[in-house]
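What follows is calculated from the coordinates using simple rules that are stated; it is not laboratory data. Just so it is clear, the model here is predicted, and its values are computed rather than measured. Every residue, glycine as well, gets a Cβ built from its backbone with ideal geometry; the counts of neighbours run over all protein chains shown.
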Amino acid sequence: MEATNTEEIHLRHVEKDVLIPKMMREKAKERCADKVEAFNQCCKETGFFMVFKCRKENSSLKECLTQHYQDPTFFEECKQQYIKEKLEFERTGIPTKNRTQKLPTSM
């Protein structure tokens with residue numbers, strides 16, 4: 001019997017402590033894209049001296065990412081998405097990242 005309520009799903013230690021935080025990091029980078037881009041641009045422009053010249057951009061990026069990492073609502077959002085993807089994988093056997101790829105029409 002498939003559980004439909006995501007609250008009923010038991011998550012393993014590795015899912016709570018590794019896989020969901022990994023998803024959080026990826027989503028946080030998307031949400032902080034402007035800060036990521038500013039830091040990357042600074043690094044490209046300053047080269048070797050980026051450690052000294054890009055402190056402001058680095059601090060801004062870290063602050064944005066940390067804000068997301070420490071947000072319990074954001075964790076819950078990622079957890080629910082993870083559970084949804086897990087249930088879909090159990091139903092279809094196709095990982096989320098492969099689900100949108102086209103299957104070959106001939107072999």
Output for Cβ contacts, cut-off 8 Å, separation at least six or different chains, first residue closer than 9 Å to residue 61 by Cβ and in contact (Cβ under 8 Å) with a residue 24 or more places away in the chain in region 30-46, second of a type in the set (Gly, Ala, Ser) and part of a helix (DSSP H, G or I), reads 35/60
Looking only at region 78-98, which residues are in contact (Cβ under 8 Å) with a residue 24 or more places away in the chain and not basic (Lys, Arg)? 78, 80, 81, 82, 83, 87, 90
What number of residues within region 38-55 are under 18 Å from residue 66 (Cβ atoms) and under 20 Å from the mean Cα position of the chain (by Cα)? 2
